[in-house]
Amino acid sequence: MIQNKRQPDGMTGAAGQQQATGKPELACRLLLSAIFLSTGIAGLMSPAGFAQGLGQMGVPFPPFCAIVVIGLNIVGPFILVSDLAGLGWVAAFALSCFTALTIPFGHPFWAFDEPRRSEELRIAIEHVSLIGGLMLAGLASLSRWRDRRSNHPAHR
């Protein structure tokens with residue numbers, strides 16, 4: 001939820017910006033981020049094991065990708081939840097791309113026979129749903145970012 005707080009100078013928010021202050025939206029972003037943060041923390045606890053797991057899934061350059069994935073899964077949720085510098089939309093996009101890539105690498109349902117095929121397909125569909133939630137969060141953040149830019153004196 002976006003609250004506009006009009007200031008005497010006609011600007012919105014404390015610094016002339018719209019602010020995302022809605023508790024329901026914050027709660028939604030926290031819930032949306034939980035899976036990524038838990039993955040990042042698990043990777044930090046055992047980076048070598050995490051890299052080995054990526055390698056077993058066929059991810060190229062597992063040690064390098066492990067660093068990238070762990071970093072994304074820790075920094076991404078922080079930026080998404082806080083909408084740091086209005087860049088929550090960038091984090092949502094990055095996490096969406098990561099989630100989409102987990103389907104062919106981690107859950108290639110087409111490569112399995114039943115009953116595993118159905119289980120992997122169910123997980124892939126859950127991932128697509130998660131991508132939808134990330135897109136909604138990203139659109140909300142992008143809208144706030146555009147509003148801030150359009151209200152900034154340098155962009156008038």
Review point. Among the residues of the range 132-151, is there at least one that is under 22 Å from Leu54 (Cβ atoms) and either open to solvent by 70 Å² or more (accessible area, probe 1.4 Å) or in contact with a strand residue (DSSP E or B) (Cβ under 9 Å, 6 or more places away or on another chain) (or both)?
Key: no
Exercise for review: Determine which single condition Leu84 fails, assuming it passes every other condition in (1) surrounded by 13 or more Cβ atoms within 10 Å (Cβ to Cβ); (2) modelled with pLDDT of 95 or more.
Suggested key: (2)
**Study point:** Any pair with Cβ under 7 angstrom, 6 or more apart, that starts in the range 41-54 at a residue that is part of a helix (DSSP H, G or I) and ends at one that is open to solvent by 80 Å² or more (accessible area, probe 1.4 Å)
**Key:** Ala51/Pro63
Point to revise | Cβ pairs under 7 Å, 6+ apart, first in the range 137-155 and closer than 13 Å to Gly86 by Cα and at pLDDT 85 or above, second surrounded by 17 or more Cβ atoms within 10 Å (Cβ to Cβ) and among the polar types (S, T, N, Q) | key: Arg144/Gln18
Review point. Within the set of pairs 6+ apart or on separate chains, which have a first residue in the range 82-99 that is over 14 Å from Ile70 (Cα atoms) and outside any helix (DSSP H, G or I), a second that is among the aliphatic types (A, V, I, L, M) and at pLDDT 95 or above, and C-beta atoms under 6 Å apart?
Key: Leu87/Ile79
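The values are calculated or read from the model by the stated rules, or taken from the named source; none is laboratory data. Since the model is a prediction, treat every value here as computed from it, not as a measurement. Note that we place each Cβ from the backbone using ideal geometry, even for glycine, and neighbour counts take in every protein chain shown. The area values use the complete protein model at the heavy-atom level, side chains included, leaving out ligands, DNA and RNA. Shrake-Rupley method; radii C 1.70, N 1.55, O 1.52, S 1.80 Å.
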